[in-house]
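The values are calculated or read from the model by the stated rules, or taken from the named source; none is laboratory data. Treat the numbers as computed from the prediction; the structure is a model and nothing was measured. Because the Cβ atoms are built from the backbone with ideal geometry, glycine has one as well, and the counts that use them run over all protein chains shown. These accessible areas exclude ligands, DNA and RNA; they are computed on the full protein's heavy atoms, side chains included. Shrake-Rupley method; radii C 1.70, N 1.55, O 1.52, S 1.80 Å.
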Amino acid sequence: MTSFEDGDEQREESVGDPRAAELADRLGLVRQRIESAARAAGRSDLPTLMVVTKFHPADDVRRLAALGVRDVGENRDQEAAAKSAELSGVDVRWHFIGQLQSNKAKSVAKYAASVQSVDRPQLVQALAKAVAREKDATGRSDLDCFIQVSLDHDAGAHRGGASPSDVEMLGEKIESADGLVLSGLMAVAPLGADPDAAFERLAGISEALRALHPAAGGISAGMSQDLEAAVRFGATHLRIGSDILGSRPAVG
């Protein structure tokens, strides 16, 4: 199993900065949880840790990068666009994980390595058009796309996402769009539901998608409260926010 960076090295980066020291400690604990969950699941690989930095300042992303974090998630385009511009020299990959309006695709294509909330054909079309424009202007790489699938019984009514019955159709549209890469699925465990049952269902939907698109093996699942269950059922990407960054900063 490939381990995360050593905690002592992280602490060296945070000398003289109490917030950096706090983030190093929190990050270390989460990484330990991920490694323990992977061992318990008999996995030799570790999921990609994506730190969700919404509502937290750009300086926290800078600190996290110094602690070895390479993937950060945002769910509001206005905030993500501003942070990515401010931190253009920082070595992190930006992932868009929130509900995305089609008219924001042009903005997101300027900074995002992936969009993990693709849930309708119109968004696929908008992203393909925006990525093509951005490729011509800047030579950006292809955009990784995860289909967000709803695990609620009334699909899309609560935390977003396409119905499982629409996954095959969306997969075909992404696969056939120039500049987009079908990377897999993203989901959130329904509120109040057993995360094991939810992520087991997601694993089954993923298996069906991979039967049609073998390269689309990504599973973005698991947050602070349920990462162990996500690792158990094959998550390749974890989206962790509050357990690393703490509660949302006060505004004003």
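Test G179 against the stated conditions and say whether it is open to solvent by 50 Å² or more (accessible area, probe 1.4 Å) and farther than 21 Å from A235 by Cβ.
When the stated conditions are applied, G179 does not pass them.
Taking the options V52, V61, name whichever one is within 16 Å of the chain's Cα centre (by Cα) and closer than 21 Å to A221 by Cα.
V52
Might you check whether a residue that is among the acidic types (D, E), free of Cβ contacts under 8 Å to residues at least 60 places away in the same chain and either out of contact with any Asp or Glu (no Cβ under 9 Å at 6 or more places or on another chain) or open to solvent by 20 Å² or more (accessible area, probe 1.4 Å) (or both) occurs anywhere in segment 200-214?
Yes, some residue in segment 200-214 is among the acidic types (D, E), free of Cβ contacts under 8 Å to residues at least 60 places away in the same chain and either out of contact with any Asp or Glu (no Cβ under 9 Å at 6 or more places or on another chain) or open to solvent by 20 Å² or more (accessible area, probe 1.4 Å) (or both).
Quick one: which of G241, G192, G217 is open to solvent by 10 Å² or more (accessible area, probe 1.4 Å) and under 21 Å from G171 (Cα atoms)?
Every option except G217 fails the conditions.
Just checking, how many residues over segment 217-236 are over 14 Å from L46 (Cβ atoms) and either among the charged types (D, E, K, R) or modelled with pLDDT under 95 (or both)?
Result for segment 217-236: 1.
Residues in segment 172-190: is at least one among the β-branched types (V, I, T), in contact (Cβ under 8 Å) with a residue 24 or more places away in the chain and not in a helix (DSSP H, G or I)?
So far as segment 172-190 goes, yes, one or more of its residues are among the β-branched types (V, I, T), in contact (Cβ under 8 Å) with a residue 24 or more places away in the chain and not in a helix (DSSP H, G or I).
Please determine whether any residue of segment 129-147 is among the β-branched types (V, I, T), over 17 Å from the mean Cα position of the chain (by Cα) and surrounded by fewer than 17 Cβ atoms within 10 Å (Cβ to Cβ).
yes
Which residue out of G16, G28, G42, G73 is at pLDDT 95 or above and part of a loop (DSSP other than H, G, I, E, B)?
G42 is the lone residue from the list that is at pLDDT 95 or above and part of a loop (DSSP other than H, G, I, E, B).
How about segment 77-155: which helices (runs of 4 or more DSSP H) wholly inside it have at least 3 residues that are β-branched (V, I, T) and either touching a residue at least 24 places away in the same chain (Cβ under 8 Å) or within 25 Å of A58 (Cβ to Cβ) (or both)?
121-138
Go through segment 58-69 and give me each residue that's open to solvent by 40 Å² or more (accessible area, probe 1.4 Å) and not hydrophobic (A, V, I, L, M, F, W, C).
D59, R62, R63 - these are the residues of segment 58-69 that are open to solvent by 40 Å² or more (accessible area, probe 1.4 Å) and not hydrophobic (A, V, I, L, M, F, W, C).
Regarding E168, is this residue touching a Leu at 6+ places or on another chain (Cβ under 6 Å), open to solvent by 20 Å² or more (accessible area, probe 1.4 Å) and touching a residue at least 24 places away in the same chain (Cβ under 8 Å)?
No; evaluated as a whole, the condition is false for this residue.
For segment 70-93, which residues satisfy the criterion of being buried (at least 23 other Cβ atoms within 10 Å of the Cβ) and touching a Leu at 6+ places or on another chain (Cβ under 9 Å)?
Scanning segment 70-93 gives a single hit, V72.
Limited to segment 198-228, what total is found for residues that are of a type outside the set (D, E, K, R) and either under 17 Å from M50 (Cβ atoms) or in a strand (DSSP E or B) (or both)?
Counting residues in segment 198-228 that are of a type outside the set (D, E, K, R) and either under 17 Å from M50 (Cβ atoms) or in a strand (DSSP E or B) (or both) gives 12.
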